[in-house]
1. Can you find a residue that is under 19 Å from Y251 (Cβ atoms) and outside any helix (DSSP H, G or I) anywhere in the range 282-294?
2. Can you pull out the residues in the range 341-361 that are in a loop (DSSP other than H, G, I, E, B) and loosely packed, with under 15 Cβ neighbours inside 10 Å?
3. Scan (1) closer than 20 Å to A172 by Cα; (2) out of contact with any helix residue (DSSP H, G or I) (no Cβ under 7 Å at 6 or more places or on another chain); (3) surrounded by 15 or more Cβ atoms within 10 Å (Cβ to Cβ) for the single condition G366 breaks and write down its number.
4. Is there any pair with a first residue in the range 357-373 that is under 12 Å from F333 (Cβ atoms) and a second that is of a type in the set (S, T, N, Q) whose Cβ atoms are under 6 Å apart and which are 6 or more apart or on different chains, and what are they?
5. So, in the range 174-197, of the ones that are closer than 11 Å to G156 by Cα and in contact with a strand residue (DSSP E or B) (Cβ under 7 Å, 6 or more places away or on another chain), which residue ends up surrounded by the most Cβ atoms within 10 Å (Cβ to Cβ)?
6. From F111, F107, grab the single residue that is closer than 26 Å to G146 by Cβ, at pLDDT below 95 and under 19 Å from the mean Cα position of the chain (by Cα).
7. From the set of residues in the range 73-90 that are more than 20 Å from G55 (Cβ to Cβ) and either assigned by TED's automatic domain parsing to the domain that holds T206 or not charged (D, E, K, R) (or both), which is surrounded by the most Cβ atoms within 10 Å (Cβ to Cβ)?
8. Consider V171 against the criteria (1) out of contact with any Lys or Arg (no Cβ under 6 Å at 6 or more places or on another chain); (2) part of a helix (DSSP H, G or I): it satisfies all of them except one. Which criterion is unmet?
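The values are calculated or read from the model by the stated rules, or taken from the named source; none is laboratory data. These numbers come from a predicted model, not from an experiment. Backbone-built Cβ (ideal geometry, glycine too); neighbour counts: all protein chains shown.
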Amino acid sequence: MVIRQDKRNKGLLVLVALLVMSILIAGCGGQKPAENQPAKADKVKVAFVYVGPVGDAGWSYAHDQGRKQLEQEMPNVETTYVESVPEGADAERVLTELAMKGNKIIFATSFGYMDYVQKVAQKFPDVTFLHCSGFKTADNVGTYFGRMYQARYLSGLAAGKHTQSNTIGYVAAFPIPEVVRGINAFTLGVQAANPEAKVRVVWTNTWYNPATEKDAAKSLLDAGADVIAMHQDTPAPMQAAEEKDKFAVSYNTDMRSFAPKAILTGPVWNWGPYYVKTVKAILDKSWKSEQYWGSMAENLVDLGPYGPMVAEDTKAVIAKKKEEIVKGQWDVFTGPLTDQQGNVKVPAGQKMTDKELLEFNWFVQGVDGTIAK
């Protein structure tokens with residue numbers, strides 16, 4: 001009996017030893033224990049602040065399309081946005097809250113946020129702020145915008161070709177350099193196509209107010225305009241033109257679906273590539289504060305699709321001028337340029353500097369309107 005018991009004990013010991021060895025082998029060659037797995041990296045939080053609703057079909061919508069592209073192309077990024085933020089003290093509150101919630105990159109997408117971005121950036125030196133269309137920078141603040149005046153000029157060529165009354169209406173938001181620059185570029189295009197045409201400006205003092213924008217367009221149409229252009233955030237001026245069986249030039253996005261019988265074409269934004277490139281640069285620490293001003297050659301700005309009423313010869317003229325701009329052979333604000341009073345502001349052969357363009361405070365000859373001080 002004793003001998004049999006010893007054999008059983010030895011057999012059990014061998015069995016236990018084999019079991020232990022199999023566990024050790026599985027531990028070495030199989031899956032690692034959960035505690036040895038690297039922790040899942042947290043997503044980088046990126047926030048956007050919009051002056052209007054993302055459904056405006058214009059400015060804020062275009063930026064939000066860029067935000068979506070950023071999130072799609074960079075899965076390590078988590079984006080959020082706050083829409084309809086006024087250009088006032090409320091902007092400072094929103095920017096502060098976004099920084100406190102852990103957003104490491106914040107894009108403020110309207111000119112009037114400029115001073116609030118500066119104030120909040122001082123309180124959060126580890127957050128990178130990008131301000132659209134402004135001109136104030138800091139170590140953790142950069143500005144960005146596009147040379148939309150290039151596409152504005154091309155759209156002016158289309159408008160000049162289509163006016164019969166030689167009066168083109170322009171619904172404009174605020175008398176700031178960005179808007180003034182666009183009006184001037186558009187007017188130069190109009191007059192290149194039709195030297196007899198004038199561009200009449202009405203100010204709305206709002207970026208987003210469909211009713212106000214539409215009323216402004218109606219006043220211009222009642223005054224004899226047969227083409228309406230705009231620097232606004234909604235299709236309302238375009239709809240006013242269609243209701244009167246007139247033509248229109250849109251802005252920000254392809255708005256043809258809102259006024260298909262009226263819209264000739266329109267300057268459009270393509271923000272996505274810039275947002276992707278900038279966030280990548282910030283994350284790999286190659287980003288430095290700058291004043292970025294993207295061009296048509298970089299595809300940040302472009303001319304949108306044509307309506308069916310635009311003739312092929314008009315398209316050919318525009319295509320030729322676009323090619324010159326993209327290749328750097330010519331740019332819009334090249335002299336001679338004169339102001340409304342006929343004074344030469346830019347002599348022949350000279351080109352306005354970026355500083356002068358960013359401070360634009362006078363109208364070129366051909367504009368019917370005033371700039372409030």
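1. Yes; the residues of the range 282-294 include at least one that is under 19 Å from Y251 (Cβ atoms) and outside any helix (DSSP H, G or I).
2. Those that are in a loop (DSSP other than H, G, I, E, B) and loosely packed, with under 15 Cβ neighbours inside 10 Å: Q341, G342, N343, P347, A348, G349, Q350, T353, E359, N361.
3. Of (1) closer than 20 Å to A172 by Cα; (2) out of contact with any helix residue (DSSP H, G or I) (no Cβ under 7 Å at 6 or more places or on another chain); (3) surrounded by 15 or more Cβ atoms within 10 Å (Cβ to Cβ), only one is false for G366: (2).
4. Here the result reads V364/N184; V364/T187, each pair linking the range 357-373 to a residue that is of a type in the set (S, T, N, Q).
5. F186
6. F111
7. Among those that are more than 20 Å from G55 (Cβ to Cβ) and either assigned by TED's automatic domain parsing to the domain that holds T206 or not charged (D, E, K, R) (or both), it is V77.
8. Every listed condition holds for V171 apart from (2).
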